[in-house]
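The values are calculated or read from the model by the stated rules, or taken from the named source; none is laboratory data. The shown structure was predicted, so the numbers you read here are calculated from the model rather than taken from an experiment. No Cβ is skipped: glycine too gets one built from the backbone with ideal geometry, and neighbour counts run over all protein chains shown.
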């Protein structure tokens, strides 16, 4: 980003006139971004300044300005005043006969607008033919207005407002409200915003559930569509965790899609290290670090650095557990190099390549990656991390469930039936019955994750758990942590200073785009619960 002008390789937050936002990364001039049923290309954004307003006119996005409903109303009132003066002059010159017509108002369900038509007292109120003719007349009139005012949004809104026969009888407050509804319905305008932390958090908070990037560390696992980590929550996490520029942070996040990770990584200022826990068995790293495009777009936009993330490491939770168990078995005379860890991520002899055997170059690269990974885990286990941050969508007890193989259950031991079974079928049944660890589904377990991560947490380090929902399991964890220094054989290490706080923000229950501040109690409250504790041994 050169100054205030958007260029190639920049992140931009697009805010539509309806209030919805979208975060994009411009990596190509011909790249198209979808805004509902409309699209905008990178060439339409490059060269524009931030906070510019673009309007869709004749299929092209051009620079325009947001129309102010108050200004449009003033123009309409001025036009009405002139028309009333001219009508008074005509009435003085021409003697008009008594009017025997009255107005009736009804709701047009097809157009969603109120219209007024003049009718004689003798006409029938339930005449379907007249009603249909009136509807067709209004539709043709609006179609003509839309076709005549494609190039001028201001004239379009004025013409549509004046085309309503009931508009003149409305109060000024109702007129302004009606003009805003017309703007939301007929105008296609967007605002280009810079990628500040506040804009990114607001963008991710209002997005529906989407499929995360395949290369994202937590692409497998639960993910809620509503991001409830507000800007105040990010500040609380950084403050309660005492995260500074030299901190080592162990993070798990399946809620914010990179918002918390990017905020922590930016706080480290290339002196500390961020280790993100992945629920996958493997991660897509290199021995040189994580390159641009392999992380969540929110993470990349907050960092805004195309270089490799040499201080960021994604570690599978299974690798943390296996390495911790192996280190506990390690004798004092042995070294870490002598360990034969049976994990694909920590053993260069286990081939995980999908296209067969590894060649010499790929084999050497894998050896270097494995050596780097073991060195990272050894440093974490011996020195410890300063803070463990767990951002969880919902705290529930979820354990591993083994799926029984039906063929193994129906395997008969009768000698007569064994003779009837062929050798190939018997071999398949024996293989299925002898491999129960592969036939199970693993689920997220918050209690087990705390037990694993606390082995890498140094004495005096902070444990933080944030979740948007209060559950019985969260209260149980709070109780277990509180009793960890009082009872023997506790589930967790000893902790002190246990606190459970709530961040309660109701401001986003206010319905947007309304002249009256109205609240909807059914909308989600942007609140959460932050559990913090200090590890003492």
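From the residues in region 1-30 that are touching a strand residue (DSSP E or B) at 6+ places or on another chain (Cβ under 7 Å) and assigned to a loop (DSSP other than H, G, I, E, B), which one is farthest from residue 186 (Cα to Cα)? My answer is 4. Evaluate the following for residue 527: is it crowded, with 16+ Cβ neighbours inside 10 Å, under 22 Å from the mean Cα position of the chain (by Cα) and modelled with pLDDT of 60 or more? Judged against the criteria, residue 527 is a match.
Checked against (1) buried (at least 18 other Cβ atoms within 10 Å of the Cβ); (2) modelled with pLDDT of 85 or more, residue 304 meets all criteria but (1). Here residue 343 fulfils each of the conditions (1) at pLDDT below 85; (2) out of contact with any strand residue (DSSP E or B) (no Cβ under 9 Å at 6 or more places or on another chain); (3) closer than 25 Å to residue 458 by Cβ apart from (2). In this structure, residue 76 does satisfy being modelled with pLDDT of 65 or more and more than 22 Å from residue 304 (Cα to Cα). The helices (runs of 4 or more DSSP H) found entirely in region 235-354 that carry 3 or more residues being over 30 Å from residue 27 (Cβ atoms) are 317-329.
I'm trying to understand the selection: among the residues of region 277-309, which are farther than 18 Å from residue 200 by Cβ and either touching a residue at least 40 places away in the same chain (Cβ under 8 Å) or not assigned by TED's automatic domain parsing to the domain that holds residue 384 (or both)? Answer for region 277-309, where residues must be farther than 18 Å from residue 200 by Cβ and either touching a residue at least 40 places away in the same chain (Cβ under 8 Å) or not assigned by TED's automatic domain parsing to the domain that holds residue 384 (or both): 277, 278, 279, 280, 281, 282, 283, 284, 285, 286, 287, 294. Only residues that are surrounded by 18 or more Cβ atoms within 10 Å (Cβ to Cβ) and either modelled with pLDDT under 50 or touching a strand residue (DSSP E or B) at 6+ places or on another chain (Cβ under 9 Å) (or both) were counted in region 193-204, giving 7.
In region 466-488, of all residues being without any contact (Cβ under 8 Å) to a residue 12 or more places away in the chain and part of a loop (DSSP other than H, G, I, E, B), the one that is farthest from residue 231 (Cα to Cα) corresponds to 488.
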